[in-house]
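Here's the structure we're looking at; comments come further down.
The values are calculated or read from the model by the stated rules, or taken from the named source; none is laboratory data. All of these numbers come straight from a predicted model, not from anything done at the bench. FYI the Cβ positions are ideal-geometry reconstructions off the backbone, even for glycines, and counts take in every protein chain you see. Remember, those area values only see protein heavy atoms, side chains included, never the ligands or the DNA or RNA. Shrake-Rupley method; radii C 1.70, N 1.55, O 1.52, S 1.80 Å.
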Amino acid sequence: MIFILLLIYCTSLGTAFEMKSIFCSISDSCDCDFKPDKKGLEWDLYKNLYGQHMAQDIVSEAVVNFLQNGNPDRPLVLSFHGASGTGKSLVSSMIGRHVYGTAMGSPYIHQFIPTLHFPSADRVQQYRSDLKHWVERNLTACARSIFIFDEMEKMPPGVIDVLEPHLGPFHVLFQTNYRKAIYIFISTVGQEVINKVALESRQAGRDREDILPKELEDRIADAVYNKKNSGFYHSRIITEKLITRFVPFLPLLRRHVERCAQRELCQRGECQRADVASSVGGAMTYTPNDSQYFSSTGCKLVPAKVNLFL
């Protein structure tokens, strides 16, 4: 009865915004199907992400703290960087799965691929307009939306800057608490910096687990800002420091590749085939040429190699 009276009152005010504000104050519906499993995310990261101690720690801390905050002052903006096959897309799917119970099947998780959604460099203004309206419309429908931008190195420069007002600590925007959203950017830009630090650490006899995020985050930011013909080239999102955390993904060693192969085998009911996992590890190409430390494709080719040896 109280709810009905409130709706009648809101109608008399004549604005949809006031109706929504009161409705959201007495209902959880504005958070959509938001049922975060924070412990599940932490467990998934530490069990199924191999060789990425920095990504495990940064993502676990940043996402869990954000989800625990019922009224964050700004959205969570994560930027994943590293070579292909190192786990960037895997982690983004983990976040989706433990926020909405499904990797990419939720209507509140939105993925953008530049070669599909923004293929032409001469249509930047149209893409900016389309992206702005898409994000605002979905945030109005669900404040807890997740937006994933894959292959940022292939996005035309200038497109992503239309989101600058959405990423900072502003107070009023399109009738919803847009500060509850999560944005994930995925890119291979910065892999040269990351791989160089990983190689130098190994050559110096230093454990890869001793590499600290502070050794890489500023250098990654510089790399993406100065990378021509990529999404963050000279972007105000970088200069205004609107990225919550830059997340480095290290190149993978053979032992990490074999763990990926073992996981693939277990998913096929063949956990006992350690010989296949070893063969997959041996069949990969490793860099640099003189030392053969790091898998050149990470775990990306593991399923195909398992098919070959199984």
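A few points about this structure:
- For residue 183, nonlocal amide neighbours, meaning residues 5 or more places apart or on other chains whose placed amide H falls under 5 Å from its own, are 76, 77, 78, 147.
- Full-stretch length increase - residue 207, residue 292 - with 0.36 nm per residue and alpha-carbon distance subtracted: 28.9 nm
- Between the helical axis of 254-267 and the longest alpha-carbon principal axis of the chain there is an angle of about 60 degrees.
- Inter-part distance, segment 183-242 to segment 98-124, computed on C-alpha centroids, equals 23 Å.
- Spin-label model, residue 271/residue 154: points 7 Å from Cα along the beta carbon direction are separated by 3.7 nm.
- Against the main long axis of the alpha-carbon atoms of the chain, helix 217-226 sits at an angle near 80°.
- Extending 7 Å from Cα along the Cβ direction at residue 309 and again at residue 134 yields two label points whose distance is 3.9 nm.
- Pairs exceeding 28 Å between alpha-carbon atoms, taken from 38/132; 180/241; 38/214; 88/228; 38/88: 38/132.
- Solvent-accessible area per residue, Å², over the chain with all protein chains present [probe radius 1.4 Å]: 48
- For the chain, relative contact order (Cα pairs under 8 Å, six or more residues apart, normalised by length) works out to 22 percent.
- Within the chain, the longest run free of GluC sites (Glu not before Pro) that sit in a DSSP loop with at most 15 other Cβ atoms within 10 Å is 1-239.
- J(HN,Hα) series, segment 284-296, from Karplus relation 6.51 cos²θ - 1.76 cosθ + 1.60, nearest Hz, glycine and proline x: 7, 8, 10, 10, x, 4, 7, 10, 6, 7, 10, 5, 5
- Between residue 230 and any residue 5 or more places off or on another chain, the built amide H atoms are never under 5 Å apart.
- Carbon plus sulfur fraction of accessible area for the chain, probe 1.4 Å, in percent: 53
- Taking the C-alpha atoms only, the angle from helix 2-13 to the longest principal axis of the chain is near 70 degrees.
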